[in-house]
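Everything below concerns the one structure shown next.
The values are calculated or read from the model by the stated rules, or taken from the named source; none is laboratory data. Owing to the predicted nature of the structure, the values given are computational and were not obtained by experimental measurement. With ideal geometry, Cβ positions are generated from the backbone for all residues, glycine too; neighbour counts draw on all protein chains shown. What goes into the accessible areas is simple: the full protein's heavy atoms, side chains included, and nothing from ligands, DNA or RNA. Shrake-Rupley method; radii C 1.70, N 1.55, O 1.52, S 1.80 Å.
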Amino acid sequence: MAVIYDAINEHENSVEEYRCVLTMARNSIQACTNGDDLCLVPVLSNRALTFQRANEFNKALPDAFRALYIVTHSPIKSTLNKELESSCYFVLGSIHDREGKTSEAQTFYKKALSIRQEYLPLGHSDITVLQRLITLL
């Protein structure tokens, strides 16, 4: 429901749904009961984007950096982990871009691009989109 609320610009309802999901995960997913787990990364990243769309950057950045911290400190090393890490950098780039902090946005987008180039083939649409974003800044 959080994504739906966000799509119809009901950001407060979206944030509440993400809060409920985080609580549910902490109460029912074994890996989350004692701390942060990779399964929380998409929830935190999406909530960060919700805060971004509501222009609440002071709330967006902690979620985005927390998601990045979780994924970069995970002992799991896989393509999925790399995708999550790249997505976290993309979210940070997006937040900074929306906030008008072009230099910081470009740094995060470049990091996302660098990671995606490690596992995606040349010419993949994700790589092309990131290259265009960086060029347009």
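Students often get this wrong: which residues of the range 15-38 have the backbone nitrogen under 18 Å from the point 7 angstrom along Cα-to-C-beta of residue 65?
So the set is 36.
Write down the accessible area per residue of the range 65-137 in Å², having rolled a 1.4 Å probe over the full set of protein chains.
56 Å²
Quick one: length gained pulling residue 73 to residue 58 fully straight, 0.36 nm per residue minus the C-alpha distance?
3.1 nm
When the accessible area of the chain is computed with all protein chains present and a 1.4 Å probe, what percentage of it is carbon and sulfur?
For the chain, the apolar C and S fraction of the accessible surface comes to 55 percent.
Please report the net charge: other residues with Cβ closer than 15 Å to the Cβ of residue 51, K and R +1, D and E -1.
-3
Place a +1 charge on the Cβ of each Lys and Arg in the chain and a -1 charge on the Cβ of each Asp and Glu, then give the dipole magnitude about the Cα centre in debye, rounded to the nearest 20. Let's see the in-between values first.
Values: 14 positive and 16 negative charges, 75 e Å.
Once rounded to the nearest 20, the dipole reads 360 debye.
Kirkwood hydrodynamic radius for the chain: how many Å is it when counted over pairs of different Cα atoms? Before the final figure, lay out each step's value.
Numbers: mean 1/r = 0.0648 Å⁻¹.
Evaluated on the chain, it is 15.4 Å.
Which peptide among 42-54, 8-20 comes first, and what is the full order, when sorted by highest mean count of other Cβ atoms within 10 Å?
Answer by packing, highest mean first, reads 42-54, 8-20.
Can you give the local net charge around residue 98? Use residues other than it whose beta-carbon is closer than 14 angstrom to its beta-carbon, Lys and Arg +1, Asp and Glu -1.
Within the 14 Å Cβ shell, the charges total -1.
In whole angstrom, how far apart do the alpha carbon centroids of the range 39-73 and the range 82-108 sit?
Each part reduced to its Cα centre gives a spacing of 11 Å.
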